[in-house]
Amino acid sequence: MAMTESVAIVGAGLIGRAWAMIFARAGWDVRLFDSAEGVAEAALPLCAEGLRTLAANGLCTDPEGAAGRIRSAGSLAAALDGVDFVQENGPERLDVKRTLFAELDAHAPRDAVIASSSSAIRCSLFTEDLPGRARCLIGHPVNPPHLIPLVEISGAPWTDPAALARARAVYEAIGQVPITVLKEIEGFILNRLQGALLAEAFRLASEGYVTPQDLDKTVADGLGLRWSFMGPFETIELNAPGGIADYCARYTGFYKSLAADPAPPSVYEAPATEAILAKWQPPDDLPARMNRRDTRLAALRAHKASQKD
């Protein structure tokens, strides 16, 4: 990669500002554009403040220098002029994506990859008719992207493998953690996993098996604590003497019975949601829980390392 590359961040809302900070922190020149008048300019001090906060927590070494690399662009054409990469952050609406990507494809440099931050809309739904559709893809971050590094890369059937590889290299170079969705699927990977857990959470809480607060503890102080540094396959690899194959032999009978009775779509509707809201109480001990988490994570990482030795 060149010493200094440039990126157009199209859309200066929460996600766009986060991308601007991420790229600038990594040394890129950032052009920030928003179709709403004054929004891009107003985003600059917010990005500067965010970078100082990152620095205070050890996540940015030169916040002032990074902030100086972010500039607002007065037009979409000015934002796209000569850039190496485009990160689109428009509204999550198919009609908007189609219109916006037609403009991006028409004006971005021919060798620039065009990535969308879309969280659910498949790339093929808004790029099929574009002359440059081979360089278009999804680069879906997790909110807030400047703190949670995962990026889901998903192409359409016609996306050039070289564009996917280029996007992955870019995201890695700026400190994110990219994964590649090998085949298009609605919701990509993270949201499908989250959706499966959320549906069962709604069912268990709404049907009176557990309070909403205790269910949250089950994830925050149980599954989430463990999953914060190792995924489900690595977890079951370590949870049976013979690894994944042994785990499947021991426990899949139980999991098959659960899979045969999935939570229905109605768990997201009244009266199920009303039953949860009637019992929900927002927690007020977040700082204390975060301190406990940090201590436990350090011990868990040491335990994991000893299991592998």
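Per-residue answers, yes or no, for (1) aromatic (Phe, Trp, Tyr); (2) open to solvent by 60 Å² or more (accessible area, probe 1.4 Å); (3) touching a Ser or Thr at 6+ places or on another chain (Cβ under 7 Å):
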| position | (1), (2), (3) |
| --- | --- |
| Leu225 | no, no, no |
| Gly231 | no, no, no |
| Glu237 | no, yes, no |
| Pro241 | no, yes, no |
| Phe254 | yes, yes, no |
| Lys279 | no, yes, yes |
| Pro283 | no, yes, no |
| Ala288 | no, no, no |
Checklist entry - So which pairs qualify, if the first residue must be in the range 218-234 and more than 13 Å from Arg301 (Cα to Cα), the second must be modelled with pLDDT of 95 or more, the Cβ gap must be under 7 Å, and the two must be at least 6 apart or on different chains? => result Phe233/Ile244
Checklist entry - Somewhere in the range 16-23, is a residue more than 19 Å from Val142 (Cβ to Cβ) and either aliphatic (A, V, I, L, M) or free of Cβ contacts under 8 Å to residues at least 24 places away in the same chain (or both)? => result no
Checklist entry - Can you tell me which of Ala270, Ala245 is assigned to a loop (DSSP other than H, G, I, E, B), without any contact (Cβ under 8 Å) to a residue 60 or more places away in the chain and of a type in the set (A, V, I, L, M)? => result Ala270
Item to check | Top-ranked residue in the range 206-216 [being surrounded by 15 or more Cβ atoms within 10 Å (Cβ to Cβ) and not in a loop (DSSP other than H, G, I, E, B); ranked as nearest to the chain's Cα centre (by Cα)] | outcome: Asp216
Item to check | Long-range neighbours under 8 Å by Cβ, at least six apart or interchain, first residue without any contact (Cβ under 8 Å) to a residue 60 or more places away in the chain and among the acidic types (Asp, Glu) within the range 154-176, second assigned to a helix (DSSP H, G or I) and open to solvent by 10 Å² or more (accessible area, probe 1.4 Å) | outcome: Asp160/Ala134; Asp160/Arg135
Next on the checklist: Looking at the range 151-164, can you tell me whether even one residue there is assigned to a helix (DSSP H, G or I) and either within 15 Å of the chain's Cα centre (by Cα) or not aliphatic (A, V, I, L, M) (or both)?
Outcome noted: yes
Item to check | Top-ranked residue in the range 173-204 [being of a type in the set (Gly, Ala, Ser) and touching a helix residue (DSSP H, G or I) at 6+ places or on another chain (Cβ under 9 Å); ranked as nearest to Leu125 (Cα to Cα)] | outcome: Gly187
Item to check | Residue that is nearest to Ala55 (Cα to Cα), among those in the range 165-187 that are in a strand (DSSP E or B) and open to solvent by less than 60 Å² (accessible area, probe 1.4 Å) | outcome: Pro178
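So which of Arg31, Arg17, Arg52 is assigned to a helix (DSSP H, G or I), buried (at least 18 other Cβ atoms within 10 Å of the Cβ) and of a type in the set (D, E, K, R)?
One residue alone meets the criteria, Arg17.
The values are calculated or read from the model by the stated rules, or taken from the named source; none is laboratory data. This structure is a prediction, so every number in the text was calculated from the model and none was measured. Here Cβ is always computed from backbone atoms with ideal geometry, including for glycine, and neighbour counts include all displayed protein chains. To get the accessible areas, we keep the full protein, side chains included, count just its heavy atoms, and leave off ligands, DNA and RNA. Shrake-Rupley method; radii C 1.70, N 1.55, O 1.52, S 1.80 Å.
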